[in-house]
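The values are calculated or read from the model by the stated rules, or taken from the named source; none is laboratory data. Worth saying up front: this structure is predicted, and the values here are computed from it rather than measured. Reconstructed Cβ throughout: ideal geometry from the backbone, glycine too, with neighbour counts over all protein chains shown. In case anyone asks, the SASA skips ligands and DNA or RNA and just uses the protein heavy atoms, side chains included. Shrake-Rupley method; radii C 1.70, N 1.55, O 1.52, S 1.80 Å.
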Amino acid sequence: MQQTLIALEEVSLIFRRGWLSRERVEAVSRVSLTIPEGGILALVGETGSGKTTLGKLVAGLYRPTQGRVLFRGQNLWTMDRRSFLEYRRAVQLVHQDAFAALNPVRTIYQSLKAPLLRHRMVRNGREARERAAELLERVGLTPPELFLDKYPHQLSGGQRQRVLLARALTVQPRLIVADEPVSMIDVSLRLSILQLLRELNRRLGIAILYITHDLATARYLAEEGQLAVMYLGQIVEQGAFRKVLENPCHPYLQALLSAIPIPDPRVARAIRPMTLQEIDPPDPRRPPPGCRFHPRCPYAQRICREIPPALEGPADHQVACHFAREIPSWRLSSAVSPSPWA
Amino acid sequence: MKPLLQVRDLRVTFDLGRHGRLNAVDGVSFDLARGEFTALVGESGSGKSTTALALIRLVPLPGFISGGRLLWWEEGQREPLDLLRLSDAQMRERRWRDIAMVFQGAQNALNPVMRIAEQMIETVRSHHPMPRGEILERAAQCLRMVRLEPSRVLRAYPHELSGGMRQRVLIAMSLLMSPRLLILDEPTTALDVITQAHILEILREIQEQLGLTMLLLTHDLAVVAKTARRVLIMYAGQIVEDAPTEALFAAPYHPYTRGLLQAVPTLRGDLTGKRPIPGGPPDLRHPPPGCRFHPRCPYADETCRRVEPTLEDAGGRRVACHYWQRVARTVLVQEPHE
Ligand SMILES: Nc1ncnc2c1ncn2[C@@H]1O[C@H](COP(=O)(O)OP(=O)(O)OP(=O)(O)O)[C@@H](O)[C@H]1O
Ligand SMILES: Nc1ncnc2c1ncn2[C@@H]1O[C@H](COP(=O)(O)OP(=O)(O)OP(=O)(O)O)[C@@H](O)[C@H]1O
Ligand code: SF4
Ligand code: SF4
Ligand SMILES: [Mg+2]
Ligand SMILES: [Mg+2]
């Protein structure tokens, strides 16, 4: 077993709208998870489920309202300043919107040089340029001379996303938190960014927290790793990726899987989306009491409306549902064998 | 039976002043068969929305329709009507009534200070004088078709509804005047996967029940597998493949279609054959000579770089590629592009 790099213990984060307002949003609710050194964790959930907020908690950009974030066993928010700075270097957040994340009036080289000098990764300008060129090569922007002096608007979406990854690499991180890194990129180019992330993980041993609403891309990246499924601020199912997908237990995950479009007409037409009590998710600002899925869940009982279920089970497959053992199993495989595309 | 609409050599040009000119839609031809569900698939910027906006003659400036014909076949008529020859007033008559469109991202464009009922009434009244009560009755009918509870939704303001509900309200609105052709531009893109799946089911139901002709625009090939009868693949302003859904997925003939299917990760099946399409879509101001896909195509040769392929007949389907026979025979693109 690899060493734990980051651990979240019962972490919650509550946003308040304005100073005096009483409206509170519990964007993340009692989440526990661990990311091992060199591991990959896919965090999957729909809009408003709290993925970005959780990513920022992991990156140390938000302080939890409750619970602890541990970096190599030390509490992030009580450690000394030097360790905290070390942490901020070791964990790099890569945004979904690469265009917004890059300074439009800086060349790519200038964007890379700043963190290199600030963190004393290089001694002078010449070294910075050499190192920047190496990093661009590492992320597949070759030959680097072609890119160093360009401005962000001169690059394509995929290329900008690569620049963001290069910038994250300037400080030799141990974990990259990639928040929807491909959702704004052309479909035909997404895979190349995922391949790059996979390569950074394999070659450099950088751990990856991959945040997405797309289970299929998560599978591409994290099939050997871990999966955590979020719904309205809570983790409803998590464990080893393969194990969870082989036997999805939470009704929400089952419904989600049954709804994902399949690029094969024969299989797609044989599968119907699971029938829910309500099609639409509730307002994330007012999560339902008890099990947060209960207004939509076809298996909900009285206890579900009153008592929130805890995440239970062996470490490689945990589920938060009162009836995880009773509800019928649901399998991804179907009677029709899929074409090579599906 | 004649198709409902025949699009012929449609061209839409954007005049960007000192930044040049581009044809966002460049010689597009296809048929929309009566009562059929057709999908137009392409990546961002390929020209889907511009094509659809041209069909209802609402291309925004600095764009304009620079060529082509839109042949509308009224049932029982022997001659088609070219929509491009209608006056603006005549065309306005036909929008909503003959052709309705649910615009991309429109779920955020509902009037925030107006109840849904008023918005639906206004939509109808701006085209057709009709008593309130009658409109409301029709509105309730349409809302039920998209599985919304009229008594609740009609009284609501947009912000009281979720994204998926707003999208369904828009679909219901588009049905108010019983159009013959309904165009839906990325109707599920911003929505949850679960909501998306249900909306697609609803659309299929409505299409079958009403015998509507539907055109769905999407960047997601997987979405069309279940819903569409026929698929048009668009690349850089042109249609490169046109085939019945089953046939297309069983054996894509165009290297781009093939590349797309191979580039998208899936939940089932083997992932080892997945690879991205190299390069990126071209700058439409300077499209590559010959076949527009050649800089990214693993089959490209000298001919492709020089000669533009035409959309040719390939047995019940059409494809624009010099070497489609060869492509059709290979199961997967084996070699990654050099
Ligand atoms: N800075 C903030 N202030 C107040 N509320 C916030 C803030 N950031 C997020 N929220 C709320 O917290 C909840 C979770 O948001 P978050 O952005 O983490 O979700 P997400 O899963 O990343 O969604 P998406 O898929 O849309 O990116 C939402 O209800 C959101 O409105
Ligand atoms: N208002 C405009 N001004 C200038 N060019 C435009 C404008 N609208 C569209 N274009 C050009 O037309 C091309 C096609 O755009 P269009 O919106 O039709 O694509 P799309 O396939 O609908 O893409 P998306 O999936 O992003 O909606 C774009 O590449 C762009 O160059
Ligand atoms: S706890 Fe109850 S409501 Fe929640 S998922 Fe399980 S069965 Fe459904
Ligand atoms: S014409 Fe040539 S370049 Fe174009 S798709 Fe066919 S093989 Fe590829
Ligand atoms: Mg987010
Ligand atoms: Mg569009």
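See the values below:
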item: Matching option when the condition is within 14 Å of chain B (Cβ to nearest Cβ), basic (Lys, Arg) and open to solvent by less than 30 Å² (accessible area, probe 1.4 Å), among A:Arg269, A:Arg296; result: A:Arg296
item: Members of region B:235-274 that are aromatic (Phe, Trp, Tyr) and assigned to a loop (DSSP other than H, G, I, E, B); result: B:Tyr253
item: Which listed residue, of B:Gly259, B:Gly280, B:Gly315, is within 14 Å of another protein chain (Cβ to nearest Cβ) and away from ligand 4 (no atom under 15 Å from the Cβ); result: B:Gly280
item: Residues that are in contact with a Lys or Arg (Cβ under 9 Å, 6 or more places away or on another chain) and in a loop (DSSP other than H, G, I, E, B), drawn from region A:121-173; result: A:Met121, A:Val122, A:Val139, A:Gly140, A:Leu141, A:Tyr151, A:Leu155, A:Thr170, A:Val171, A:Gln172, A:Pro173
item: Lone qualifier among A:Ala218, A:Ala228 - being buried (at least 23 other Cβ atoms within 10 Å of the Cβ), at pLDDT 90 or above and assigned to a helix (DSSP H, G or I); result: A:Ala218
item: Output for region A:9-64, where each listed residue is among the basic types (Lys, Arg) and either assigned to a strand (DSSP E or B) or within 16 Å of ligand 6 (Cβ to nearest atom) (or both); result: A:Arg16, A:Arg24, A:Arg30
item: Residue within region B:255-262 that is open to solvent by 20 Å² or more (accessible area, probe 1.4 Å) and under 24 Å from A:Pro273 (Cβ atoms) present; result: no
item: Those residues of region A:206-215 which are within 10 Å of chain B (Cβ to nearest Cβ) and open to solvent by less than 10 Å² (accessible area, probe 1.4 Å), in sequence order; result: A:Leu215
item: Residues of region B:130-167 that turn out to be in contact (Cβ under 8 Å) with a residue 60 or more places away in the chain and assigned to a loop (DSSP other than H, G, I, E, B), as a count; result: 1
item: Odd one out for A:Arg203 among (1) open to solvent by 10 Å² or more (accessible area, probe 1.4 Å); (2) farther than 18 Å from A:Gln92 by Cβ; result: (2)
item: Residue satisfying all of: in region B:183-219; within 7 Å of another protein chain (Cβ to nearest Cβ) and not in a helix (DSSP H, G or I); farthest from ligand 4 (Cβ to nearest atom) among these; result: B:Asp192
item: Elements of type strands (runs of 3 or more DSSP E) contained in region B:1-116, each with 3 or more residues being under 30 Å from B:Ala263 (Cα atoms) and touching a strand residue (DSSP E or B) at 6+ places or on another chain (Cβ under 7 Å); result: B:5-15, B:21-32, B:37-41
item: Selected residue (criterion: nearest to the other protein chains (Cβ to nearest Cβ)) from residues of region A:231-266 that are part of a helix (DSSP H, G or I) and open to solvent by 30 Å² or more (accessible area, probe 1.4 Å); result: A:Arg266
item: Within region B:64-116, considering residues that are among the small types (Gly, Ala, Ser) and under 21 Å from the mean Cα position of the chain (by Cα), the one farthest from B:Asn23 (Cα to Cα); result: B:Ala109
item: Residues of region B:3-17 that turn out to be without any contact (Cβ under 8 Å) to a residue 60 or more places away in the chain and open to solvent by 40 Å² or more (accessible area, probe 1.4 Å), as a count; result: 3
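Table: residues versus (1) crowded, with 20+ Cβ neighbours inside 10 Å; (2) within 20 Å of B:Val223 (Cα to Cα); (3) of a type outside the set (Asp, Glu).
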site: B:Glu36; (1), (2), (3): no, yes, no
site: B:Ala52; (1), (2), (3): yes, yes, yes
site: B:Arg69; (1), (2), (3): no, no, yes
site: B:Trp72; (1), (2), (3): yes, no, yes
site: B:Glu75; (1), (2), (3): no, no, no
site: B:Asp82; (1), (2), (3): no, no, no
site: B:Arg85; (1), (2), (3): no, no, yes
